[in-house]
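Q: Take a look at the following structure, please.
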Ligand SMILES: Cc1ncc(COP(=O)(O)O)c(C=O)c1O
Ligand SMILES: [Zn+2]
């Protein structure tokens, strides 16, 4: 039996196809490449029932992932994160069925480990010895550590304002780390030059086709955890948009397999008001976004002024009757506190933005009564210690607590 039913790569813009045995980056037309599978073949050997007996990590879906030889799998135990009902917050927002898909529990503390696990594994299979990538921090941390696990070298470039902990994660992995006085788009240009000069494998968002397959597993897991019944709405904090594109792709593949029925969930791209190119494009009914000047937000992972896959994100929103919402930093941080107080869940600012968007969409009745809503918390709050500003009372050793 085959480990993977991957068939080929294809371009969503010009329909060119490529094989999965050689290293490919973008299509010759400049668009990102997507991975296709022999789903008919996979459906003959895999069923929801069989999944129940598999290990609780994302490799449980290996037939639907691109790594062809199991020996190339590079894993730290990522995936199968909990889908937890939030009863108090649901009541507070007047949403009937509210779940958090908590990605704070994967290695490196963000969902980026999924993309890194699958991306690095496939890179290993393709004989890559050194990769390079620009990052807003979390992806670089994940890729540097998974590269170390694979025995591969990496070069990571991030904005100097990126969360400090992510620098440490990259540095301790032994990767070459560079900080740029600019945005991820500036880091991307520097990586582009290094890739050309030194022949490195470009692991930039969507410039290699396999990261998205790792992120796809969030969609596979949500469906499986709900007993292969789809939720009504999924909210996702969107920067490069890979997670949202991946979830959309997963649900479409599950439909082809016949494991889910009915309409796909309405997908919601959540951004910060300080960087909302997808929201602007969606509001204007456009198919592509425009570069967002002087972007700024505390939710650093979604500070992406122009995403290479913006057209795929917008397609996912239009196809599923979804929408795009921008949230102020102040509102997202209030929501972060509410989640901790009501549910004991310390989410990252990006995740908090998605919860704030759910609240807004219920207020405006875009989310309706009786609906099931899944919010992606893409990372652990503990990766962003600076977002919480506290002044605890200091006590002398002999002091008593005065309540
Ligand atoms: C915590 C967090 N959430 C969300 C995102 C956005 O991810 P995507 O590229 O899938 O839109 C990032 C990206 O850096 C992130 O670090
Ligand atoms: Zn093309």
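The values are calculated or read from the model by the stated rules, or taken from the named source; none is laboratory data. Computed from a prediction, not measured in an experiment: that's the story for all the values here. Don't worry about glycine lacking a Cβ; one is built from the backbone with ideal geometry, like all the others, and counts go over all protein chains shown.
Here is a yes/no grid of residues against (1) in contact with a helix residue (DSSP H, G or I) (Cβ under 6 Å, 6 or more places away or on another chain); (2) more than 19 Å from residue 195 (Cα to Cα):
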{"position": "120", "(1), (2)": "yes, no"}
{"position": "123", "(1), (2)": "no, no"}
{"position": "130", "(1), (2)": "no, no"}
{"position": "140", "(1), (2)": "yes, no"}
{"position": "146", "(1), (2)": "yes, yes"}
{"position": "150", "(1), (2)": "yes, yes"}
{"position": "155", "(1), (2)": "no, no"}
{"position": "167", "(1), (2)": "no, yes"}
{"position": "170", "(1), (2)": "yes, no"}
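Q: Can you tell me which residue in region 209-224 is surrounded by the fewest Cβ atoms within 10 Å (Cβ to Cβ), limited to those that are more than 16 Å from residue 113 (Cβ to Cβ) and in contact (Cβ under 8 Å) with a residue 40 or more places away in the chain?
A: This residue is 224.
Q: So the check is Cβ under 7 Å with 6+ separation or different chains; which pairs have a first residue in region 238-260 that's under 27 Å from residue 45 (Cα atoms) and in contact (Cβ under 8 Å) with a residue 24 or more places away in the chain and a second one that's part of a loop (DSSP other than H, G, I, E, B) and within 16 Å of ligand 2 (Cβ to nearest atom)?
A: 245/309
Q: In region 64-75, which residue that is assigned to a helix (DSSP H, G or I) and surrounded by fewer than 21 Cβ atoms within 10 Å (Cβ to Cβ) is nearest to ligand 2 (Cβ to nearest atom)?
A: 72
Q: For residue 147, indicate whether it is part of a helix (DSSP H, G or I) and crowded, with 24+ Cβ neighbours inside 10 Å.
A: On the way: part of a helix (DSSP H, G or I): yes; crowded, with 24+ Cβ neighbours inside 10 Å: yes.
Spelling it out, residue 147 is indeed part of a helix (DSSP H, G or I) and crowded, with 24+ Cβ neighbours inside 10 Å.
Q: Kindly establish whether residue 157 is in a helix (DSSP H, G or I) and either at pLDDT 95 or above or over 28 Å from residue 126 (Cα atoms) (or both).
A: Spelling it out, it is not the case that residue 157 is in a helix (DSSP H, G or I) and either at pLDDT 95 or above or over 28 Å from residue 126 (Cα atoms) (or both).
Q: Identify, by number, the condition in (1) touching a residue at least 40 places away in the same chain (Cβ under 8 Å); (2) in a helix (DSSP H, G or I); (3) surrounded by fewer than 24 Cβ atoms within 10 Å (Cβ to Cβ) that residue 354 doesn't meet.
A: Only one criterion in (1) touching a residue at least 40 places away in the same chain (Cβ under 8 Å); (2) in a helix (DSSP H, G or I); (3) surrounded by fewer than 24 Cβ atoms within 10 Å (Cβ to Cβ) is unmet by residue 354, namely (3).
Q: Tell me the residue from 79, 127 that is under 27 Å from residue 5 (Cα atoms), within 16 Å of ligand 1 (Cβ to nearest atom) and modelled with pLDDT of 95 or more, please.
A: Answer to the check: 79.
Q: Follow-up. Kindly indicate which of 308, 333 is surrounded by fewer than 24 Cβ atoms within 10 Å (Cβ to Cβ) and within 16 Å of ligand 2 (Cβ to nearest atom).
A: Among 308, 333, only 308 is surrounded by fewer than 24 Cβ atoms within 10 Å (Cβ to Cβ) and within 16 Å of ligand 2 (Cβ to nearest atom).
Q: While we're looking at this one, here's another question. Inspect region 246-267 for any residue being in a strand (DSSP E or B), in contact with a helix residue (DSSP H, G or I) (Cβ under 9 Å, 6 or more places away or on another chain), under 20 Å from residue 355 (Cα atoms) and within 13 Å of ligand 1 (Cβ to nearest atom) and give the result as yes or no.
A: Taking every residue of region 246-267 in turn, at least one turns out to be in a strand (DSSP E or B), in contact with a helix residue (DSSP H, G or I) (Cβ under 9 Å, 6 or more places away or on another chain), under 20 Å from residue 355 (Cα atoms) and within 13 Å of ligand 1 (Cβ to nearest atom).
Q: If you go through region 16-28 one residue at a time, how many are within 7 Å of ligand 2 (Cβ to nearest atom) and surrounded by fewer than 15 Cβ atoms within 10 Å (Cβ to Cβ)?
A: Selection size over region 16-28: 2.
Q: Still on this model: With respect to residue 390, is the statement that it is touching a residue at least 12 places away in the same chain (Cβ under 8 Å) and more than 30 Å from residue 283 (Cα to Cα) true?
A: No.
Q: Could you go through region 212-225 and let me know if any residue there is modelled with pLDDT of 95 or more and assigned to a loop (DSSP other than H, G, I, E, B).
A: No, because not a single residue in region 212-225 is modelled with pLDDT of 95 or more and assigned to a loop (DSSP other than H, G, I, E, B).
Q: Follow-up question, since we're still on this one. Check residue 1 against each of (1) modelled with pLDDT under 95; (2) within 16 Å of ligand 1 (Cβ to nearest atom) and name the one condition it does not meet.
A: Just one mismatch for residue 1, condition (2).
Matching residues to (1) under 20 Å from the mean Cα position of the chain (by Cα); (2) touching a residue at least 24 places away in the same chain (Cβ under 8 Å); (3) within 25 Å of residue 313 (Cα to Cα); (4) surrounded by fewer than 24 Cβ atoms within 10 Å (Cβ to Cβ):
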{"position": "118", "(1), (2), (3), (4)": "yes, yes, yes, no"}
{"position": "125", "(1), (2), (3), (4)": "no, yes, no, yes"}
{"position": "133", "(1), (2), (3), (4)": "yes, yes, yes, no"}
{"position": "140", "(1), (2), (3), (4)": "yes, yes, yes, no"}
{"position": "156", "(1), (2), (3), (4)": "yes, yes, no, no"}
{"position": "170", "(1), (2), (3), (4)": "yes, yes, no, no"}
{"position": "186", "(1), (2), (3), (4)": "no, yes, yes, yes"}
{"position": "190", "(1), (2), (3), (4)": "no, yes, no, yes"}
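Okay, residues lined up against (1) within 16 Å of ligand 1 (Cβ to nearest atom); (2) under 29 Å from residue 307 (Cα atoms); (3) part of a loop (DSSP other than H, G, I, E, B); (4) without any contact (Cβ under 8 Å) to a residue 24 or more places away in the chain:
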| site | (1), (2), (3), (4) |
| --- | --- |
| 14 | no, yes, yes, yes |
| 26 | no, yes, yes, no |
| 36 | no, yes, no, no |
| 41 | no, no, no, no |
| 44 | no, no, no, yes |
| 56 | no, no, yes, no |
| 62 | no, yes, no, no |
| 92 | no, no, no, no |
